[in-house]
Number of protein chains: 2
Amino acid sequence: MKLLKDKIQQEGKVLSDVVLKVDSFLNHQIDPMLMQAVGEEFANRYSDEIITKVLTIESSGIAPATFLGLVLGAPVVFARKRKSLTLTDNLYSSKVYSFTKNEVNEISVSKNFLSADDRVIIIDDFLANGEALKGLIEIVQQAGAHVVGAGIVIEKGFQQGGQQLREQGLRIESLANIKSLANGKVEFFD
Amino acid sequence: MKLLKDKIQQEGKVLSDVVLKVDSFLNHQIDPMLMQAVGEEFANRYSDEIITKVLTIESSGIAPATFLGLVLGAPVVFARKRKSLTLTDNLYSSKVYSFTKNEVNEISVSKNFLSADDRVIIIDDFLANGEALKGLIEIVQQAGAHVVGAGIVIEKGFQQGGQQLREQGLRIESLANIKSLANGKVEFFD
């Protein structure tokens, strides 16, 4: 997706060979026009599929997932990383290790909002080692629902999550797939 | 806003005289069409103001704030409740007590995304005691920016936050203002 790749080149900050900071339009400040375009691009790529629910994880997945849900006319569910007093039981849950934050989060989704007849697309901001995506897939499986595929805003293709999950048969559509962050430069796969 | 009030009556769950659960369209599952309408309603109510930035707090504020940002053509910034390794310094921050979760969160916004010439609207899902809103106002003030006003999806008007802040001169536009949750029923102010 050219618009997204251009934005990454213009505003992304390469902090190391593995860390790309895109706080100006995705992870802290949000560019609503770009997120709308991202949501529409996901819808285009999955236009051959019937999708009944969009699943993402708080917080950076919410904006692109919501724009996708708007196009599809489908509800969006965001997995929670922490439990609140008003969301305490009746949960699907899985454990997700975050390399960025160096901690394990238990993520959860209310059983009220995923059911066995759902056809689910999973949306996330980044795919690197695939930990979050695996956790979300596990939650969909706990519900007995079908994973149609995943939509990723930025994949770090030089890490192993995407390859592993594709080999297991998961369809993954990444709108920008990074080949390398070496020498402070962002290089994409074609 | 009739569409929102109808949705609250249909799907909101009154858990006690002070707790309303709206997980089916705002706090866990998101109704994208409703959130778009909410964003547009905020834009209409503040159409007399120049706004350069939309500020909210993760996670439930993100969807309505992003739709407002889309209408305004303005970036959206969501305050973070926890620090990540890629967002470590150069922060405005304030402490916010959550009655729902019974804990204090330090919320923060990067200094890169709020500046003294910004005219800021603050968006949040709920207003009850006003703790989150006060914390967000403090952050805007740290930046030396101007708070145009606040846009609240659901105000619990029987609690004191909204009244206190209006008495201090803050403009608050609430799209649904709840008078009472007594006897398991949601009653709105006119």
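The values are calculated or read from the model by the stated rules, or taken from the named source; none is laboratory data. In this text the structure is predicted, and so the values were computed from the model without any measurement. Every residue, glycine as well, gets a Cβ built from its backbone with ideal geometry; the counts of neighbours run over all protein chains shown. Just so you know, the surface numbers come from the protein's heavy atoms only, side chains and all, with ligands and any DNA or RNA stripped out. Shrake-Rupley method; radii C 1.70, N 1.55, O 1.52, S 1.80 Å.
For region B:43-52, which residues satisfy the criterion of being open to solvent by less than 20 Å² (accessible area, probe 1.4 Å) and within 13 Å of another protein chain (Cβ to nearest Cβ)?
Once the filter is applied, which keeps residues that are open to solvent by less than 20 Å² (accessible area, probe 1.4 Å) and within 13 Å of another protein chain (Cβ to nearest Cβ), region B:43-52 yields only B:Ala43.
Out of (1) open to solvent by less than 10 Å² (accessible area, probe 1.4 Å); (2) more than 14 Å from chain A (Cβ to nearest Cβ); (3) under 13 Å from the mean Cα position of the chain (by Cα), the odd one out for B:Val140 is which?
Of (1) open to solvent by less than 10 Å² (accessible area, probe 1.4 Å); (2) more than 14 Å from chain A (Cβ to nearest Cβ); (3) under 13 Å from the mean Cα position of the chain (by Cα), only one is false for B:Val140: (3).
State all residues of region B:153-173 that are among the acidic types (Asp, Glu) and touching a helix residue (DSSP H, G or I) at 6+ places or on another chain (Cβ under 9 Å); if no residue qualifies, say none.
Across region B:153-173, the qualifying residues are B:Glu155, B:Glu173.
Are any residues in region B:13-26 open to solvent by 20 Å² or more (accessible area, probe 1.4 Å) and in contact (Cβ under 8 Å) with a residue 24 or more places away in the chain, and if so, which ones?
Hits for region B:13-26 are B:Val14, B:Ser16, B:Asp17, B:Val18, B:Val19.
So which residues in region B:7-26 are touching a helix residue (DSSP H, G or I) at 6+ places or on another chain (Cβ under 9 Å) and away from chain A (no Cβ under 12 Å), if there are any at all?
Of everything in region B:7-26, those that are touching a helix residue (DSSP H, G or I) at 6+ places or on another chain (Cβ under 9 Å) and away from chain A (no Cβ under 12 Å) turn out to be B:Lys7, B:Asp17.
Evaluate the following for A:Ile152: is it within 14 Å of chain B (Cβ to nearest Cβ) and either in contact with a strand residue (DSSP E or B) (Cβ under 7 Å, 6 or more places away or on another chain) or assigned to a strand (DSSP E or B) (or both)? Show your work before the answer.
On the way: within 14 Å of chain B (Cβ to nearest Cβ): no; either in contact with a strand residue (DSSP E or B) (Cβ under 7 Å, 6 or more places away or on another chain) or assigned to a strand (DSSP E or B) (or both): yes.
The answer is no for A:Ile152.
Per-residue answers, yes or no, for (1) away from chain B (no Cβ under 12 Å); (2) surrounded by 21 or more Cβ atoms within 10 Å (Cβ to Cβ); (3) part of a strand (DSSP E or B); (4) of a type in the set (Ser, Thr, Tyr):
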site: A:Ala65; (1), (2), (3), (4): no, yes, no, no
site: A:Leu70; (1), (2), (3), (4): no, yes, no, no
site: A:Val77; (1), (2), (3), (4): no, yes, yes, no
site: A:Arg82; (1), (2), (3), (4): no, no, no, no
site: A:Lys95; (1), (2), (3), (4): yes, no, yes, no
site: A:Thr100; (1), (2), (3), (4): no, no, no, yes
site: A:Val120; (1), (2), (3), (4): yes, yes, yes, no
site: A:Phe126; (1), (2), (3), (4): no, yes, yes, no
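Being of a type in the set (D, E, K, R) and loosely packed, with under 14 Cβ neighbours inside 10 Å is the filter here, so list the residues in region A:1-12 that pass it.
Correct list: A:Lys2, A:Asp6.
Determine whether B:Glu40 is over 18 Å from the mean Cα position of the chain (by Cα) and open to solvent by 10 Å² or more (accessible area, probe 1.4 Å).
Criteria not met by B:Glu40.
I'm told A:Gln29 meets every condition in (1) within 9 Å of chain B (Cβ to nearest Cβ); (2) open to solvent by less than 10 Å² (accessible area, probe 1.4 Å); (3) touching a Pro at 6+ places or on another chain (Cβ under 7 Å) except one. Can you identify the failing condition by its number?
Tallying (1) within 9 Å of chain B (Cβ to nearest Cβ); (2) open to solvent by less than 10 Å² (accessible area, probe 1.4 Å); (3) touching a Pro at 6+ places or on another chain (Cβ under 7 Å), A:Gln29 fails exactly one: (2).
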